[in-house]
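Note sheet for the following structure.
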Amino acid sequence: MAAPFNHRAVEEKWRKNWEAKPVNVNDGKKPKYYCLDMFPYPSGNGLHVGHWRGYVISDVWSRYKLMQGYYIIHPMGWDAFGLPAENYAIKMGVHPAKSTAANVANIKKQINDIAALYDWDMEVNTTDPEFYKWTQWIFVKMFKEGLAYEKEFPINWCPSCKTGLANEEVVNGCCERCGATVTKKNLRQWMLKITAYAERLLKDLEKLDWPEKVKKMQSDWIGKSYGAEVDFPVEGREEKITVYTTRPDTLYGATFMVLAPEHKLAASLATEETKEAVDKYIFDASVKSNVDRLQDKEKTGVFTGTYAINPLNGARVPIWLSDYVLADYGTGAIMCVPAHDDRDFEFATKFNIPIIQVIAKDGKEIENMTEAYTEASGVMINSGEWNGMESAVLKKEAPLMIEKRGLGRKTVNYKLRDWVFSRQRYWGEPIPIIHCPHCGNVPVPEEELPLRLPEVESYQPTGTGESPLAAIDEWVNTTCPVCGAPAKRETNTMPQWAGSSWYFLRYVDNHNSQELVSREKADKYLPVDMYIGGVEHAVLHLLYSRFYTKFLHDIGAVDFDEPFTKLFNQGMITGKNGIKMSKSKGNVVSPDDLIRDYGCDALRMYELFVGPPELDAEWDDRGIEGVARFLKRFWNLVLDNKDSGVKETKESLKLRHQMVHDITTRLDAFSLNTVISGFMESNNKLIDLAKKQGGMDKETLETAVTLLAPFAPHISEELWEQLGHEETVFAHGWPKADAESMKDEEKEIAVQINGKTRAVVNISVNATKEEAIAAGKAAVADRLEGNLVKEIYVPGRIINLVVK
RNA sequence: GCAGGAGUGGCGGAAUGGCAGACGCAUCAGACUCAAAAUCUGACGUAGGUGACUAUGUGUGGGUUCAAGUCCCAUCUCCUGCACCA
């Protein structure tokens, strides 16, 4: 009998061995495979079993690729700018850099417990000036290309804290910190013109091997629509109002027009009689929060007293203001066709505005319309020269027809907005811009980067909605790099997304002081082949990264324009009843005790066994017993039989190839939970067979150890060594299944009568249909009554006898 | 409201249209033990039968098929995302 499996001794031994002699080495000849984890925020709470899951998945995949002959790029780093460190600083007075460094050290230690292939020589940290130098450099490049610009913009404003808030910091319309109702305030903001890339960001989704769900979320977020802009003259005025519509086919049915209260003409359209009401409406809308605006069940609005002219038929169209029209989509003004739009219908009904149906439903006009008919299908009516046309056809053709007649133009629109890029916070990258009274906005010269974040005395917001940086006069006051005149620095910082939008490029050349990444290394090691992380970044981080990569491609920094070829989103590990693990809920499971009691290998395997990797899973400690038992049995199987001297048999050969085939196909399909059950099942079969044969041939044992290596690397290395190998198991190629060896001579086939199984027979795989049917009939002879009308034999699957 | 995903034993979950419930957890019984733990063997959807077995069973109702958890139609529930984008 072999000595029992002692996971602690085995794991300790191999950690040391791997440190002395790494298994993943770049010999310059092997092809690269870049397998990346979404890098973590170094929180003070440390890792729980949920964090482990993604890291285990990526490591298993990396080790599998390693055994397939690749050099693996598998780096790790820290997304370390962000609010928790800043809030901790406000509370405790500890500099964020200090608390961050402590957290990094702690989490790094915990991550090392996973025994992943991480190459710490590649480590990056977004708060390291040598890193954010390049974050700032990209911003300067964007500024020079006109993609970073300043804009006065109504942002969320907390009147109690006297500070601007990000959307994420507004919870149910209230300030996350103090609970006050959030209003709006115009603040000068830095914006990135991501909309300039909308079309490419949409189109290039096609070439990505990403979950359809994520692609769809991005494409919805970008929100492309086709339509027309139509210019409506305003009665008694020079200016025209342009509206955007995706339904130009319904133009004849436009009975009113609505402008967003923020529309630049809104106030000026009021007449003497309506002025008071209009001004009040505009003011009320300006202080109303987004949330209130969305949650208002009933539509509100005010008539300006002014009319527009429908350019197609000359009809007078009253102009209203209403906050259901968004100021920053399309033109901020819409034509309203109550007969064919739900919102317009609701508004028209409330304010007694006429409703004109222009598309026949089921071939006729609807009497007493109770809801809008929104389908673009049916024949046009009440539409002048368009009468009789098919609405769906007209919808497509109308934009060009309108354009040809000079009434407007064919247009596409996107929901995607430019990216609000500035934060009034301390703990972020300073925006490297200098405001000069003579030269305007001037970027900090590239050779002066990084622009370091200065020390401050108070991390508290200043009270004016400016970053704490604004209070440091000696930092703010500088000279203009162009004309030398006294000038002031920008005091806003970048959002946390800035560093994470490009960090994956830096890993492969993280010490380069001359370039963000050298072209040579970029060409050799990038882009990322496999990206693994949670689905919560589906639009934000993943969209921003694609935008940054496309920009860097356009300025020649890299030669690819998509950062992540393949993406996998792992599900979340939750506590009991699907409740998210959190300190306050007290349901956090730490990996530490589990590693001590069961070992790293067992925990790695259980993280996979817990459920399909793409779905959420409830953690249950008890389940780990199962994989721990499996590892013990496997250990005993190998060590008790390695010297048995038993030669390969037909059965063991078949079992071996079946095992290789099953594990490999499941692994390729990323069905990692069934890979683990596959190991358990094979192990049970091997144990039975070894018992029956009085031993097991060495090659079969070796193959099993090889297959297990990516999942349970420590025990596999130990068994591999005990099987007499000097070189690491990871230098061994991934086994291949031979279809011939897997074949059965006989197969168990169910015999059904009218689809119900009545017997099971053994049939040679080479049997003819006649032979098979005959065997089947013989097996169920006593139950065959009536007329046999059909005989079905699917080789290797089923015999079905249809009787009447 | 719109879009996407999911409903299978006590639980987590398996099933290229071909014997539903693999694998594991929990439970029960047996072996070993003075005993317990560990380990090993076996049982384990539901109903009926001493039994080999029989009937029934994948949210619900229909349909296609020799054959449906799987395909089609309808419907209910849950989860996720988006949400006045004209």
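The values are calculated or read from the model by the stated rules, or taken from the named source; none is laboratory data. Values in this document were obtained by computation on a predicted structure and should not be read as measured data. Cβ sites come from the backbone with ideal geometry, for glycine too, and all protein chains shown count toward neighbours. The area values use the complete protein model at the heavy-atom level, side chains included, leaving out ligands, DNA and RNA. Shrake-Rupley method; radii C 1.70, N 1.55, O 1.52, S 1.80 Å.
Between 0 and 90 degrees, rounded to the nearest ten: what's the tilt of helix A:672-693 against the longest Cα principal axis of chain A? Rounded to the nearest ten degrees, it is 0.
Can you give the FRET efficiency for A:LYS521 and A:ASP597, using 1/(1 + (r/R0)^6), R0 = 60 Å, r = Cβ-Cβ distance, to the nearest 0.05? Taking R0 as 60 Å, the efficiency between A:LYS521 and A:ASP597 is 0.90. Considering the options A:SER652, A:ASN636, A:ALA348, tell which one lies farthest towards the positive end of the dipole of chain A, charges being +1 on Lys and Arg and -1 on Asp and Glu at the Cβ, about the Cα centre. My answer, from the dipole projection, is A:SER652. Students often get this wrong, so check it: of A:LYS647/A:LYS747; A:LYS275/A:LYS404; A:LYS203/A:LYS410; A:LYS299/A:LYS580; A:LYS16/A:LYS650, which have C-alpha atoms separated by over 29 Å? Violating the 29 Å limit, Cα to Cα: A:LYS275/A:LYS404; A:LYS299/A:LYS580; A:LYS16/A:LYS650.
Please state the charge dipole magnitude for segment A:1-157, taken about the Cα centre, from unit charges on C-beta atoms (+1 on K and R, -1 on D and E), reported in debye and rounded to the nearest 20. Please report the intermediate quantities before stating the final value.
Values: 19 positive and 17 negative charges, 95 e Å.
Value, rounded to 20: 460 debye.
Per-residue 3J(HN,Hα) values for segment A:694-709, derived from phi via the Karplus relation 6.51 cos²θ - 1.76 cosθ + 1.60 with θ = phi - 60°, read x, x, 8, 5, 5, 5, 5, 4, 5, 4, 4, 4, 4, 5, 6, 4 Hz in sequence order (x marks Gly and Pro). Largest first and in whole Å, the equivalent-ellipsoid semi-axes of segment A:563-664 read 35, 20, 11, each the square root of five times a Cα gyration tensor eigenvalue.
Counting heavy atoms of the protein chains alone, A:ARG405 has an accessible area of about 130 Å² for a 1.4 Å probe. Backbone amide hydrogens, once placed in the peptide plane, bring A:TYR531 within less than 5 Å of A:LEU36, A:LYS566, A:LEU567, A:PHE568, excluding anything fewer than 5 places away on its chain. In order along segment A:449-459, the Karplus-derived 3J(HN,Hα) couplings, from 6.51 cos²θ - 1.76 cosθ + 1.60 at θ = phi - 60°, round to 6, x, 8, 6, 6, x, 6, 10, 8, 10, 8 Hz, and Gly and Pro are given as x.
Computed log10 I(q)/I(0) for segment A:239-328 at 0.21 Å⁻¹: -1.06, from the Debye equation with unit scatterers placed on every C-alpha and solvent omitted.
Size descriptors for segment A:1-152, from the alpha-carbon set: Rg then Dmax equal 19.7, 78 Å.
Stretching A:LYS144 away from A:SER43 to a fully extended chain increases their span by 32.8 nm, per 0.36 nm per residue minus the current alpha-carbon distance.
Report, to the nearest 10°, how far helix A:49-67 tilts away from the longest principal axis of the Cα atoms in chain A, using its own Cα long axis and a range of 0 to 90°. For helix A:49-67, the angle is close to 60 degrees. Surface composition of chain A: carbon plus sulfur atoms hold 50% of the accessible area, using a 1.4 angstrom probe and ignoring ligands, DNA and RNA.
Remark: segment A:273-373 carries 53 Å² of accessible area per residue (probe radius 1.4 Å; ligands, DNA and RNA excluded).
Quarter the surface of the alpha carbon convex hull of segment A:495-558 and you get the mean projected area, 4.8 square nanometres. Can you compute the FRET efficiency between A:ASN684 and A:ASP113 using 1/(1 + (r/R0)^6), with r the Cβ-Cβ distance and R0 = 25 Å? Round to the nearest 0.05. It comes out at approximately 0.25. Relative to the longest principal axis of the C-alpha atoms of chain A, give the angle of the C-alpha long axis of helix A:650-668, reported between 0 and 90° and rounded to the nearest 10°. With rounding to tens, the tilt is 10 degrees. Here the label points at A:ARG633 and A:LEU400, each 7 Å from Cα along the C-beta direction, are separated by 6.9 nm in the simple model.
Can you tell me the accessible area per residue over segment A:530-672, all protein chains present, probe 1.4 angstrom, in square angstrom? Kindly include the intermediate steps, with their values, before the conclusion.
Details: 5930 Å² over 143 residues.
Heavy-atom SASA per residue in segment A:530-672 reads 41 Å².
Computed with every protein chain present, the accessible area of A:ASP220 is close to 80 Å² [probe 1.4 Å].
Extension gain for the segment A:SER590 to A:LYS264, taken as residue separation times 0.36 nm less the Cα-Cα distance, is 111.7 nm to one decimal. Cα centroid separation, segment A:543-557 to segment A:25-68: 24 Å.
Amide H contacts of A:LYS184: A:TRP157, each under 5 Å away and 5 or more positions distant or on a separate chain (H built 1.01 Å from N in the peptide plane; Pro and chain starts excluded). Per-residue surface analysis assigns A:TRP635 an accessible area of about 10 Å², computed on protein heavy atoms at 1.4 Å probe radius. Each of A:TRP210, A:TRP18 has its accessible area taken with a 1.4 Å probe; listed largest first, they run A:TRP18, A:TRP210.
Between A:ARG200 and A:ALA102, the simple spin-label model (points 7 angstrom out along Cα→Cβ) gives 4.5 nm. Here the calculated FRET efficiency for A:ASP738 and A:LYS30, from their Cβ-Cβ distance with R0 = 25 Å, stands at 0.50, rounded to the nearest 0.05.
Using a 1.4 Å probe and counting only protein heavy atoms, arrange A:LYS216, A:LYS133, A:LYS264, A:LYS521 so the residue with the most accessible area comes first.
Working: A:LYS216 120, A:LYS133 30, A:LYS264 180, A:LYS521 75 Å².
So, going from the largest accessible area down, we get A:LYS264, A:LYS216, A:LYS521, A:LYS133.
Distance in nm between label sites at A:GLU273 and A:ARG797, each 7 Å beyond Cα in the beta-carbon direction? My value for the distance between the label points is 7.8 nm. In this structure segment A:429-523 gives 44 Å² per residue of accessible area when probed at 1.4 Å with all protein chains present. Ranking A:GLU771, A:GLU474, A:GLU199 by solvent-accessible area of protein heavy atoms (1.4 Å probe, all protein chains present), from largest to smallest, gives A:GLU474, A:GLU771, A:GLU199. Other residues with beta-carbon under 13 Å from the beta-carbon of A:PHE421 carry, at +1 per Lys or Arg and -1 per Asp or Glu, a net charge of +2.
Given chain A, report the % of alpha carbon pairs whose separation exceeds 46 Å.
Every Cα pair in chain A considered, those over 46 Å come to 44 percent.
In sequence order, segment A:335-345 has phi-based couplings of 8, 10, 10, x, 5, 10, 8, 4, 5, 5, 4 Hz under the Karplus curve 6.51 cos²θ - 1.76 cosθ + 1.60, θ = phi - 60°, and Gly or Pro positions carry x.
Counting every pair of alpha carbons in segment A:408-547, the share spaced more than 17 Å apart comes to 71 percent. Centroid-to-centroid, using Cα positions, segment A:346-414 and segment A:434-494 are 54 Å apart. Taking H placed 1.01 Å from N in the peptide plane, check which residues at least 5 places from A:THR574 or on another chain put their amide H under 5 Å from its amide H. Under 5 Å from the amide H of A:THR574 lie the amide H atoms of A:ALA617, A:GLU618, A:TRP619, each far enough along the sequence or on another chain.
Charging the Cβ of each Asp and Glu at -1 and of each Lys and Arg at +1, and nothing else, the dipole of chain A about its Cα centre rounds to 760 debye. Averaging 1/r across all pairs of distinct Cα atoms in segment A:1-80 and inverting the result yields a Kirkwood radius of 15.1 Å. In chain A, the calculated helix contribution to ellipticity at 222 nm averages -10500 deg cm²/dmol per residue, counting -39,500 (n - 2.57) for every DSSP H run with n ≥ 4. With one equal scatterer per alpha carbon and no solvent term, the Debye-computed log10 I(q)/I(0) for segment A:623-732 at 0.18, 0.21, 0.23, 0.24 1/Å reads -0.88, -1.21, -1.43, -1.52.
Which three semi-axes in whole Å describe the equivalent ellipsoid of segment A:696-770, each the square root of 5 times a Cα gyration tensor eigenvalue, listed largest first?
Numbers: eigenvalues 341, 39, 22 Å².
Working from the Cα gyration tensor, I get semi-axes of 41, 14, 10 Å.
Subtracting the Cα-Cα distance of A:ASN352 and A:ARG622 from 0.36 nm times their residue separation leaves 90.6 nm of extension gain. In segment A:399-443, taking the dipole from charged Cβ atoms about the Cα centre, the farthest positive-side position among A:ASN413, A:ILE434, A:LEU400 is held by A:LEU400.
Dipole of segment A:62-115 computed with +1 at Lys/Arg Cβ and -1 at Asp/Glu Cβ about the Cα centre; of A:VAL104, A:ILE90, A:ILE72, farthest Cα towards the positive end is A:ILE72.
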